[in-house]
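To keep things clear, I will list the structure first and then write my remarks on it.
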Amino acid sequence: MKLCVLAIFAFLPWIAWVGDWALRWTEGNTAVQITFVMFIFPLIMNALQYWIIDNFIKDAEHGGEGGYEGVGEDDEESDDEWLERQQRRREQGIDGEDEDIEVVAGKPLKEANPTLTPTSDYDPDTDGAGSSRDGIKK
C-alpha cells in the first residue's frame with residue numbers, strides 16, 4: 001500500500017496540491033484536521049467501497065443474480081431423496097434429522113480416544129494435597 005502511495009505521488013506530483021486544496025477549510029485547527037483525516041474521511045471511503053462492491057456483487061450483468069446466493073442451495077435434494085435418507089438413518093438407529101454421522105457395519109462411529117474418568121474418590125493422602133501447604137506434615 002505504501003509503495004502504491006509512493007508511486008501515485010511520483011507519477012502525479014500535483015496530487016499534493018489537491019490534498020492541500022481539500023483541507024484548506026480546516027487551516028489553523030489541527031484537531032479538526034486530524035479528526036477529518038484519521039476518522040471521517042476513511043469512514044466515508046470505507047462506506048463508499050462497501051456500497052460499490054455490494055452493488056457489483058448483486059449486479060446480474062457481472063455474475064450476480066440480483067441478490068445473494070445461499071451456501072446450501074447447490075446440493076438441492078428432492079423430497080423423495082430426503083425421505084429415503086431419513087428412512088435409512090432410522091433403520092441404522094441414528095437420531096437427528098440434519099446430522100451426517102458416518103456408519104460402519106450398521107453402527108455409528110464411536111469416539112476414538114474417550115476420556116477416562118477415575119472410578120474411585122479423590123484421597124489427598126494417596127493422590128496428593130490440594131495445595132502445597134495442605135501436604136506439609138507438622
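What follows draws every value from the coordinates through simple rules; no lab data is involved. Just so it is clear, the structure is predicted and the values come from calculations on it, not from any experiment. Glycine also receives a Cβ, built like all others from the backbone with ideal geometry; neighbour counts cover every protein chain displayed.
Please give the FRET efficiency for I57 paired with I8, using the beta carbon to beta carbon distance and R0 = 22 Å, rounded to the nearest 0.05. Efficiency, from the Cβ-Cβ distance: 0.25. If only the Cβ of Lys and Arg carry +1 and only the Cβ of Asp and Glu carry -1, the dipole of region 2-62 around its Cα centre is close to 180 debye. A full extension of the chain between L48 and V18 corresponds to an added length of 8.8 nm, given 0.36 nm per residue minus the alpha carbon distance. Put a dot 7 Å past the Cα of E91, heading toward its Cβ, do the same for I40, and the two dots end up 7.1 nm apart. Take 33-40, 13-20 and order them by the average number of nearby Cβ atoms within 10 Å per residue, most first; the result is 33-40, 13-20.
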